[in-house]
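Read the figures in this text as sums done on the coordinates, not as results from a lab. All of these numbers come straight from a predicted model, not from anything done at the bench. For neighbour counting, all protein chains shown are included, and Cβ atoms are generated from backbone atoms with ideal geometry for every residue, glycine included.
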Amino acid sequence: MKYFGDASLCYSNSLLMLLESYGYEYTIEYIEAIMSMGNGATLINNDSQYPLVYFDNGLPDKSISNTLNILGYGFEEFYVEDIEVNVLEEVIQKLNKYLENGSVIAGPIDMGYLKYNPNHSNLLGVDHFVCITKFVENSIYLHDPEGFPFMKVPLKEFIKSWEAKNIEYKRGSFSMWGNLKKESEPCDRKIYNSVISIIKTRYMHSEENVIENYAEAIFQNGLNEMQEEMHKYFSFRLASVRNLYMSNFLREFDKEKALIKEKIAINFSKAHIENVNKEFKKLSNTLKEISILDNKFKQLCVNYEEEKL
């Protein structure tokens, strides 16, 4: 069954808006599946009692570039690794150049500096992606997929967010994508092969047993307030949506993989309820089941041989 609703997929929604500005239409479900973000898990903080885990093994900025490549688009991307005195002039020149042909994705940016968001003071260091539609008289006009269309932001204010100095994973500051051009029309099977290849590579370079170890830590120690809040408002429901979208994408190509992903999605929703109810022993067991399923999916992807088309 399809799911339509709110989820924290700012990078995918921003890419959808970029593609639409060039006349190309996709669904959020499809784009998010191509992004291949919701597989495995990453250990963020290896605290002995209360570790912090994200249920993904990819980065959104690299995934945007991967998705455009997979779908057959040529594009330009820009970011600054070392900020120098005159770098802003180059940033604005690039932005104006990209905007001549369509919208521009900007990100990661820091939500803590987006003052139009009434909750911004609580979001310092939280990564985000937006779609810039124009730049006029030192003001950035953007659509924010968090629920803020047609925002007008002073350039000086937006620069603080775009610098992303508090975002650790970024490739660089002032990261953006634009100047799209359709260069090829890959068939569905080729797109599937590319997606599984990326998932395979990410699994092969990710840590082992992250979900299983996290489940054991929860069984022994429960969750602290930070973990509870993150799972309550963000991670479990996001993981469920990502796995459901991937399941629907895979259904045409590999029913076994699709079924595993559907089961993972259901279990993440179960985990969300158990966390809200503070049923940490049950939550631990659910995460152990997710770990078993994720390992099955991992083996299928790692052993997959890409078809020659």
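Work out the P(r) tail for the chain: percent of alpha carbon pairs separated by more than 26 Å, whole number. It works out to 48 percent of all Cα pairs.
Relative contact order, whole percent, for the chain stands at 21, derived from Cα pairs under 8 Å and 6 or more residues apart. When the chain is treated as a Gaussian network with alpha carbon springs shorter than 10 Å, the biggest mean-square fluctuation among 71, 293, 88 belongs to 88. DSSP loop chymotrypsin sites (Phe, Trp or Tyr not before Pro) in segment 110-169 with at most 13 other Cβ atoms within 10 Å of their Cβ, which ones? Passing sites in segment 110-169 are 116, 169.
Segment 6-70 to segment 113-135: how many Å between their Cα centroids? The two parts, judged by their Cα centres, are 18 Å apart. Alpha-carbon geometry of segment 172-309: the Rg and the Dmax are 17.6, 53 Å, given in that order. Averaging the sequence gap over all C-alpha pairs within less than 8 Å and six or more residues apart, then dividing by the number of residues, gives segment 11-111 a relative contact order of 29 percent.
Once you divide the Cα radius of gyration of segment 207-262 by 2.2 N^0.38 Å, the number left is 1.42. Alpha-carbon geometry of segment 38-168: the Rg and the Dmax are 16.2, 52 Å, given in that order. For residue 97 and residue 169, a Förster radius of 22 Å and the Cβ-Cβ distance give a FRET efficiency of 0.25, rounded to the nearest 0.05. Within straight-line reach of residue 288, meaning a Cα separation under 20 Å, sit the following lysines at least 8 residues removed in sequence or on another chain: 232, 257, 261, 263, 270, 278, 296, 298. In a fully extended conformation the segment linking residue 259 and residue 82 would gain 59.2 nm over its present Cα-Cα distance, using 0.36 nm per residue.
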